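Colleague: I have a structure I would like to understand better, so I am pasting it below and will then ask my questions one at a time.
Read-outs throughout are calculated quantities, based only on the coordinates presented, and are distinct from any laboratory measurement. If you're wondering where the values come from, they're calculated on a predicted model, not measured in any experiment. Cβ atoms come from the backbone with ideal geometry, glycine included; neighbour counts cover every protein chain shown.
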Amino acid sequence: MSRLQILRKQTGHFLEDFVPGQLYRHKLGKTVTEGLFAAFTEFAMSTNPLSKNARYARAFGFDGLVCPPGLAMLVAFSQTVEDVSENARANLEYVDMRFGAPVYVGDTIEVETRVLGVRTSASRPNLGIVHVQSTARKNLGEPGEAIVLTWQRKVQVYKNDEAAETHAGEIAPDAVDCPLWLPPHQPGRDYKRLAHLSNADTYFEDFEPGTRIEHSRGRTMTSEHIALTAMLDNTSQVHCNQFMIDQDPAQYVGGQLIIFGGIPFVLCLGLSCPDIADNALGDLVYKTGRHTAPLFAGDTVFAATEILGKRELPGRPDLGVVETRLFGHKFVRKEAGSFEKVQIFELDRDVVVKRRSHYL
Amino acid sequence: MSRLQILRKQTGHFLEDFVPGQLYRHKLGKTVTEGLFAAFTEFAMSTNPLSKNARYARAFGFDGLVCPPGLAMLVAFSQTVEDVSENARANLEYVDMRFGAPVYVGDTIEVETRVLGVRTSASRPNLGIVHVQSTARKNLGEPGEAIVLTWQRKVQVYKNDEAAETHAGEIAPDAVDCPLWLPPHQPGRDYKRLAHLSNADTYFEDFEPGTRIEHSRGRTMTSEHIALTAMLDNTSQVHCNQFMIDQDPAQYVGGQLIIFGGIPFVLCLGLSCPDIADNALGDLVYKTGRHTAPLFAGDTVFAATEILGKRELPGRPDLGVVETRLFGHKFVRKEAGSFEKVQIFELDRDVVVKRRSHYL
Amino acid sequence: MSRLQILRKQTGHFLEDFVPGQLYRHKLGKTVTEGLFAAFTEFAMSTNPLSKNARYARAFGFDGLVCPPGLAMLVAFSQTVEDVSENARANLEYVDMRFGAPVYVGDTIEVETRVLGVRTSASRPNLGIVHVQSTARKNLGEPGEAIVLTWQRKVQVYKNDEAAETHAGEIAPDAVDCPLWLPPHQPGRDYKRLAHLSNADTYFEDFEPGTRIEHSRGRTMTSEHIALTAMLDNTSQVHCNQFMIDQDPAQYVGGQLIIFGGIPFVLCLGLSCPDIADNALGDLVYKTGRHTAPLFAGDTVFAATEILGKRELPGRPDLGVVETRLFGHKFVRKEAGSFEKVQIFELDRDVVVKRRSHYL
């Protein structure tokens, strides 16, 4: 055979590729299997019985086991990685992440992303910030079609060619109608006989603004993160390609594989679950959130939640909204026997919680 | 915001919390998904085709793939951990563990535990022994409701406050009716045409009391145990919180995460399966069992079974009961090239096995 | 009890056990669960939406999510390990591996193997080569019964007793009718509205014989391989028994657990997927393939594909066959900062790919 022509395909987009207003319809889509459901509901130590006990979930008016909000987020978010952030340096901020229809095993999630803004960096000419809005729908073209999640994020993206012109600009976000679906309260149902399946002290009435709950459990991450990230179809190489890092360790934080941010995101939700969301019927909105330090295999993750406020949920006297700020942290070893606490994650999170008055 | 009030919730119970006669209805419950089923049936190298091959399982009269007894045990047992043993020093003994209805994918298991006894330690005032009886039911309030497992165990539990009074005492166990469900033998069925799917030398007639079978395969455990334990909703921190251990390594055996006892329990069952249970239709009872040494990531587990005796199964001439003692062991490296064999587990186990006369 | 009689059962067969013409009907069989499906489709970073998105798969005429060819191969192949290669030194070659019916979640796969040839080694009297032909069927005795895979392989197998006579000889392979099932092209269907879910540059028209595509992603393997291999019921001890290796490290390549060859096989297929098989409807045949170096936990796997040729698929103007050679490689660290590229795998692979003219 004559000399072969070598092809190397570009994956993902670079700063100069993004144009405000442009819409990406992402590849693949993903059907939620029981394998995916089990791996992600459980690794994060989530405890809401809606995601554990089908009998409980059906009694509350859901069709069956409900994907925890963190899993819905991971499935949707990961589909945007190749187009939006495969060539990113960092995910800067999550903005206005709102949940809609519940996600069940068997649902197929597909996602599209609109580019809202592109901004170059004055100080670092090879970098800029891309602002996008993504929306995830389930079961397109089928009777159960519904929006399950919409969110914005800001990402720091590399340029491929430093000299290339960028499409700087910013447009307004689309108005995406994504109301949280909640099962109706049915006074005839004997909710009380299921009450022992969730924690007794996490009803709406139990939360006190001005308190901070240090969640009692920690969870050590291992190299399992590589498989978990692959299971989400997240293709970013900084999470799974150790050889790339070994060739130029100084280029990468810590000289090792960094854990995909979605993992600590969901793990913090899970660690906070027994104290915050055991009696939640859904997560309403994550107003803003960010990763503040990287996470590596071997780190143990802890979480804490501050109760910022409480409010009524219009039309639903049986429920209320608890306004929280979720924090994740880890400890970094200094000299012998000494550890420094490092915050890794922060999320402003409004949770819809049952009232004791109606369910107990 | 004004200064926050910090809350740290207690999880689990301490010695002084237990009262003989008291009943815990455990939280969560758990629906068996195909994800859970695959992870646990397979990691343990179990080989009975009832748990591998749905065609085979249906031909023998089951509804579909059957959870191996070890998986039914893990799902049920783990639900009792938070209430009974999250603050335990050690699980001392399993007693009279009896299996009932088979567990299938889709079944929801819920568990309750009665406190049978509380005893303080004369020599160690911060410790005592709690004796409990737990019962696991499936599909509560639905047509297929049934008891799937009942067992007792004795646990060494810490006191929270050394000065607190304990509720010493002991009551008799409840009589729990938990008969092993077995599919009927149907002479018209052509069982023989499926015989090649299980081992040919593990029928009732093949077992000789007075023999010890050294099972040929070993399996090295990795840090996968953290995820497996989380997948069971087992919340004990000694299995998953490395930071807790790093702060005070001398306090913990080996200064490392200890593998949840349910893992070697099930792994020993699996390693013994090709020689003992390939032609079993169910496990009848584990009369007594205990962990005799801890297991850590990196250890390779082996198993052996002594055949203690054989007996008829009343009303079932096609089956027989093989009385066995299952042992687990590992090897600990001493000087260069030298290893010490350490027993880690022991279980008295009665298995219901097909007779060659009726199935081959 | 009197002194126990110790039994150690032999597992697997040795060179002297194989007889040309003999048929093994393998044990177990395996029903594909959503747990198995998720673990294997995802770890390999496969990207064809037929295996990710049930809506897409149904629109193309499949019954639901389709097992990637690599998973069908792993499930079938692993069933042959105990009988054929548990006591093998090396798997020398895959030959004429042809795919038939698609494999779905819920299908039960059972496999049988005919011994085609036995040959002793002139230079190494304790070794020889066994040539076998295996065929995997699904849903035996049920309406959907079909052949899903047939293949030959050559394995280097140890003798148990060097003095034993072997059954040297060779017979012709059976003619196994295993046509690749392909969904019909239905001109009325609006395939185009799904086109964004797969890559736009991997239609039949896009492939140029004489090119080599270096696939852009790498994937680092971890000790996860032990659990993955167990999940396949592959019982070979060199993949999971570290103690066996620690006792005599010089006897084993690298003195560590070797990763089951099926893992890099499938991983290379997955890494090549976005460039080669994103618009494939099936893999037709793997004419020949082999492992050229071992893989260990910690290695990062890369893949490349050479386009050898293209041809028509008789009767299907909407499709074409792309003839490829798939390569896997890793990098081995030499002195500081220097790495050597080592080829680990090679597979001649004919893929059935959609034509842009009919689907876009």
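Colleague: Can you give the Kirkwood hydrodynamic radius of chain A from its Cα pairs, in Å with one decimal? Walk me through the numbers on the way to the answer.
Modeller: Numbers: mean 1/r = 0.0465 Å⁻¹.
By the Kirkwood definition, the hydrodynamic radius is 21.5 Å.
Colleague: Amide H to amide H, which residues 5 or more places from A:LEU284 or on other chains are under 5 Å from it, using H placed in the peptide plane?
Modeller: A:ASP350, A:VAL351, A:VAL352
Colleague: So if I place +1 on the C-beta of Lys and Arg and -1 on the C-beta of Asp and Glu, and nothing else carries charge, what would the dipole magnitude of region C:77-235 be about its Cα centre? I want it in debye, nearest 20. If you can, show how the numbers build up before the last one.
Modeller: Values: 16 positive and 24 negative charges, 78 e Å.
Taking the Cα centre of region C:77-235 as origin, the dipole is about 380 debye.
Colleague: Short version: ³J(HN,Hα) in whole Hz for each residue of region C:340-352, in order, from phi by Karplus 6.51 cos²θ - 1.76 cosθ + 1.60 (θ = phi - 60°), x for Gly and Pro, what are they?
Modeller: Here the 3J(HN,Hα) series is 10, 7, 10, 6, 10, 7, 8, 8, 8, 9, 9, 10, 9 Hz.
Colleague: What are the distances, in nm and sorted shortest first, from the label point of A:GLY315 to the label points of the same position in each other copy, with each label point placed 7 Å from Cα along the Cα-to-Cβ direction?
Modeller: 5.6, 5.6
Colleague: What nm value, rounded to one decimal, do you get for the distance between A:ALA168 and B:GLU170 when each label is placed 7 Å out toward the C-beta?
Modeller: Computed distance between label sites A:ALA168 and B:GLU170 equals 8.2 nm.
Colleague: Something else about it: State the percent of C-alpha pairs, over all pairs in region B:150-262, separated by a distance greater than 19 angstrom.
Modeller: The answer is 75 percent, as a whole percent.
Colleague: Given R₀ = 22 Å, FRET efficiency for B:SER121-B:ASP248 by Cβ-Cβ distance, to 0.05?
Modeller: Numbers: r = 22 Å, r/R0 = 0.98.
The pair B:SER121/B:ASP248 has a calculated efficiency of 0.55.
Colleague: As an exercise, take the mean of 1/r over every pair of distinct alpha carbons in region C:62-141, invert it, and state the Kirkwood radius in angstroms.
Modeller: 14.4
Colleague: Would you calculate, for the protein assembly as shown, the mean residue ellipticity at 222 nm contributed by helices, counting each DSSP H stretch of 4 or more residues as -39,500 (n - 2.57) and dividing by all residues, to the nearest 500? Intermediate values should be presented prior to the final figure.
Modeller: Details: 21 runs with 180 residues, N = 1080.
The helix-only estimate for the protein assembly as shown comes to -4500 deg cm²/dmol at 222 nm.
Colleague: Using the Cα centre of region A:1-84 as the reference point, and only Cβ charges (+1 on K/R, -1 on D/E), how large is the resulting charge dipole? Debye, rounded to the nearest 20.
Modeller: Details: 9 positive and 7 negative charges, 51 e Å.
Dipole size: approximately 240 debye.
Colleague: Still on this structure, please answer the following. Which value, in debye to the nearest 20, gives the size of the charge dipole of region B:261-360 about its Cα centre, when Lys and Arg are +1 and Asp and Glu are -1 at the Cβ? Before the final figure, lay out the partial values.
Modeller: Working: 14 positive and 13 negative charges, 20 e Å.
Using Cβ point charges on Lys, Arg, Asp and Glu, region B:261-360 gives about 100 debye.
Colleague: For region A:209-259, what's the relative contact order in percent, using C-alpha pairs closer than 8 Å and at least 6 residues apart?
Modeller: On the way: 29 pairs, mean separation 13.3, N = 51.
Rounded, it is 26 percent for region A:209-259.
Colleague: Around C:LEU257, what is the net charge, scoring Lys/Arg as +1 and Asp/Glu as -1 over all other residues with Cβ under 13 Å from its Cβ? Don't skip to the answer; put the middle values down first.
Modeller: Working: positive: B:ARG219; negative: C:GLU224, C:ASP246, C:ASP299.
Net charge in that neighbourhood comes out at -2.
Colleague: Given the C-alpha atoms of region C:259-360, compute the convex hull and give its volume per residue in Å³. Intermediate results must be reported in sequence, preceding the final value.
Modeller: Values: hull volume 10.8 nm³, N = 102.
Normalising the Cα hull of region C:259-360 by residue number yields 106 Å³.
Colleague: Gap in Å between the Cα centre of region B:9-45 and the Cα centre of region C:114-129?
Modeller: A separation of 53 Å, based on Cα centres.
Colleague: Using only the alpha-carbon atoms, how far is helix C:69-79 inclined from the longest principal axis of chain C? Give it as 0 to 90 degrees, nearest 10.
Modeller: 20
Colleague: Can you give me the distance in nm between label points at C:ASP63 and C:HIS196, each placed 7 Å from the Cα along the Cα-to-Cβ direction?
Modeller: Simple spin-label model gives 3.2 nm for this pair.
Colleague: Run a plain Debye calculation on region C:47-92 (Cα atoms as equal point scatterers, no solvent) and give log10 I(q)/I(0) at q = 0.15 Å⁻¹, rounded to two decimals, same order as the q list.
Modeller: -0.53
Colleague: Right, something else. How high is the relative contact order of region C:73-163, in percent, with contacts defined as C-alpha pairs under 8 Å that are six or more residues apart? Let's see the in-between values first.
Modeller: Working: 181 pairs, mean separation 33.3, N = 91.
Relative contact order here is 37 percent.
Colleague: At B:ARG89, label 7 Å along Cα→Cβ: distances to the other copies, nm, ascending?
Modeller: Distances to the matching label points in the other copies: 5.4, 5.4 nm.
Colleague: Can you report the principal axis dimensions of the protein assembly as shown using only the alpha carbons, biggest first, rounded to whole angstrom?
Modeller: Computed over the protein assembly as shown, the largest-to-smallest principal extents equal 87, 81, 59 Å.
Colleague: Work out the mean other chain Cβ neighbour count within 10 Å for the residues of A:191-203 and drop it here as an integer. Show your work: numbers first, answer last.
Modeller: Working: counts 0, 0, 2, 4, 1, 8, 6, 2, 4, 1, 1, 1, 0.
Counting Cβ atoms of other protein chains within 10 Å of each residue's Cβ and averaging gives 2.
Colleague: Given B:THR229, B:ALA293, B:TYR359, which one lies farthest toward the positive end of the charge dipole of region B:205-359, if we put +1 on the Cβ of every Lys and Arg and -1 on the Cβ of every Asp and Glu?
Modeller: B:TYR359
Colleague: Another question, then. Need the C-alpha centroid separation for region B:242-275 versus region A:226-298, integer Å.
Modeller: Result: 26 Å between the Cα centres.
Colleague: Any chance you could check the Cα centroid distance between region B:332-360 and region B:47-68 for me, in angstrom?
Modeller: Computed from Cα coordinates, the inter-centre distance equals 23 Å.
Colleague: Here's another thing I want to ask about it. Given a cut-off of 17 Å, what percent of all Cα-Cα pairs of region B:196-261 lie beyond it?
Modeller: Details: 1308 of 2145 pairs.
In whole percent, the share of Cα-Cα pairs in region B:196-261 beyond 17 Å is 61.
Colleague: Would you mind computing the Rg to Rh ratio of region C:35-189 from its alpha-carbon coordinates, Kirkwood style for Rh? Don't skip to the end; give the middle numbers.
Modeller: Details: Rg = 18.6 Å, Rh = 17.4 Å.
Ratio of gyration radius to Kirkwood radius for region C:35-189: 1.07.
Colleague: Count charges around B:LEU295 for me, please; just the other residues with Cβ under 13 Å from its Cβ, Lys/Arg as +1, Asp/Glu as -1. The partial results should precede the final answer.
Modeller: Working: positive: B:ARG219, B:LYS330; negative: B:GLU224, B:ASP299.
Net charge in that neighbourhood comes out at 0.
Colleague: Further question: Say a label goes 7 Å from Cα toward Cβ at B:GLN247 in every copy; what distances in nm does this one have to the rest, shortest first?
Modeller: Sorted ascending, the copy-to-copy spacings read 4.2, 4.2 nm.
Colleague: Net charge near C:ASN279: determine it from the other residues with C-beta under 10 Å of the C-beta of C:ASN279, scoring Lys and Arg +1 and Asp and Glu -1.
Modeller: Local charge sum for C:ASN279: 0.
Colleague: Give me the angle, in degrees from 0 to 90, between the Cα long axis of helix B:34-43 and the longest principal axis of the Cα atoms of chain B, rounded to the nearest 10.
Modeller: 80
Colleague: On to the next question. Output the relative contact order of chain B, whole-number percent, from Cα pairs under 8 angstrom with separation of 6+ residues. Working shown, then result.
Modeller: Details: 816 pairs, mean separation 69.0, N = 360.
So the answer I get is 19 percent.
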